[in-house]
Structures are given as structure tokens and as C-alpha cells.
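Below: the structure, in C-alpha cells.
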Amino acid sequence: MDASLLPRHIGIIMDGNGRWAKKRLLPRTAGHIQGAKAFRRCLRHCIDLGIGCVTFYAFSTENWKRPKEEVNAIMKLFSDYLDEGLDISEDDVVMRFIGDVTPLSDALKKKISDLQSDTADNHGLVCNIAVNYGGRDDILHAVKRLIKEGADPETLDEAALSDKLYTAGLPDVDLIIRPSGEQRISNFLIWQAAYAEYVFMDVLWPDFSEKDLDAAIEEYSKRNRRFGGI
Ligand code: FPP
């Protein structure tokens, strides 16, 4: 595909792990384990396609309402992933965790901080993993920072607020993919998605394949984006 038709920034809502497991009479955590494999597959395919930036919604500010065992299992998957390290195809990736990581365990925070600093000077795809992330929280956090820094309301503009979001310096999200048949935003990148194209797909996240990503990008490339113009 013509590189100019590729989205610069893709957002992915990794949804449907629980239903994937339920269909197989497995515990929900089995769905998350397969979901983590789908995440790795999808990240590798984004690299192969030459995508500049991808944000995976891994754990929302609302996901703490889930049973403790499930929350712990998801945190363990993050921790295992950080222990495994990146594979060779991911060598040049810049890894970032976006969201408020303060409630995570000290051990997990240390691993996150190490991976972020180890990859900060890379030049390839930027991969954001959104953990304890909420779009409203992102905006509120940005506004608090602006107030603390004494921003002047007369001159404050959209760029200044964007610059305080967790995604500061990255392009707005062009394409948001939500598998699992649900058609909602669920508090994901709500500021950054002002002009995003949405592609909703029926596949459950653990089954999400390279072909599904290709299909979503193909659909995106056919959309006529007008950004409020004609
Ligand atoms: C939503 O599906 C999924 C989650 C809240 C967890 C997502 C986490 C992973 C895929 C693991 C990611 C791992 C790494 C290493 C980034 P759901 O449980 O709400 O599914 P359901 O709607 O079918 O119940």
C-alpha cells in the first residue's frame, strides 16, 4: 500500500478476551494470555508495515472494578512481558506506558521505567501500552499540569493542552480499531481521536490476526477524511 495512505497512529482496543475464553469453557485469564500473544503478533505486524505509532489499550482506569484475581493475572502478564524483553524484530521500537502508573506495584513500575529508558533513544515505531489509562483522566492530568505551571488562560490553546497529554509529541490517532463487535469508545484517547476513523470488527481480540489488521487499514485507506472541511 502507498505509504501516504497508512495511518500515522493506530489505536487498538484489545477487547473480547473474556468471551474468547468463555466460548471455550476456559477461565477468563486464559483469554488474557491469548490476548497478550495477539498483542505481540499485532505489534510485529505494525513494524513490518512501517506504521509510525501504535497505542494498545491494555487496562483502563475502570478495569480495577474486575475481580482481584483477574486484575492480578493481567498485571502478571504485563510483568512477564517486561521480563521477556523485546525480540529482534522489535529492536528499534520505542516502548512507552501511558496512563497513571502510580497504583502499580513498585516492581512493575521499575520494569516499566527500565524498558522506557532502554528504548527511549530508538528510532523505530513508537508503541504505547495504555495501562490505568482513561481519556478523561488524561485530559484532567494535562489540565492540572497546565495550572501548576501557571498557564495563561488568554493564550492557552489546543496545542498546549495536547503537549501535556500522555501522548505528547505524537500525532493524533488516525485509526481506532475495536474488535469483539462492541461499538463504543470506552474512554480511549478521547482528545486525540477528535478526527479518528473507527473500524469495528467482529473478531475477538485473541483471534486478531495480521489479516485483520490489514483489513482495518484497507478500510481506513478508503475513508474520505475531511477534518470538518468539504
Ligand atoms: C478486554 O477484554 C481486555 C482487557 C481488559 C485486558 C487486555 C490485556 C491484554 C490483552 C494483555 C496485554 C498484555 C500485554 C503484554 C500488553 P475483556 O476481558 O473485557 O473481554 P470481554 O469483553 O469478552 O469480557
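The values are calculated or read from the model by the stated rules, or taken from the named source; none is laboratory data. Keep in mind that this is a model prediction, so the values were computed, not measured. FYI the Cβ positions are ideal-geometry reconstructions off the backbone, even for glycines, and counts take in every protein chain you see. Remember, those area values only see protein heavy atoms, side chains included, never the ligands or the DNA or RNA. Shrake-Rupley method; radii C 1.70, N 1.55, O 1.52, S 1.80 Å.
For region 43-89, the set of residues classified as assigned to a helix (DSSP H, G or I), within 30 Å of Met1 (Cβ to Cβ) and either within 10 Å of the ligand (Cβ to nearest atom) or not hydrophobic (A, V, I, L, M, F, W, C) (or both) consists of Leu43, Arg44, His45, Asp48, Tyr81, Ser89, listed by residue number. The set of residues in region 1-39 that are at pLDDT below 95 and either part of a helix (DSSP H, G or I) or within 15 Å of Phe59 (Cβ to Cβ) (or both) comprises Ala3, Ser4, Leu5. Out of the residues in region 4-37 that are small (Gly, Ala, Ser) and within 23 Å of Ala193 (Cα to Cα), which is nearest to the chain's Cα centre (by Cα)? Here the residue is Gly11.
Every listed requirement among (1) open to solvent by 70 Å² or more (accessible area, probe 1.4 Å); (2) within 11 Å of the ligand (Cβ to nearest atom); (3) closer than 18 Å to Leu170 by Cβ is met by His123 save one, (2). One residue stands out in region 1-34 among those that are in contact with a strand residue (DSSP E or B) (Cβ under 7 Å, 6 or more places away or on another chain) and more than 7 Å from the ligand (Cβ to nearest atom): the one that is most open to solvent (accessible area, probe 1.4 Å), namely Arg8.
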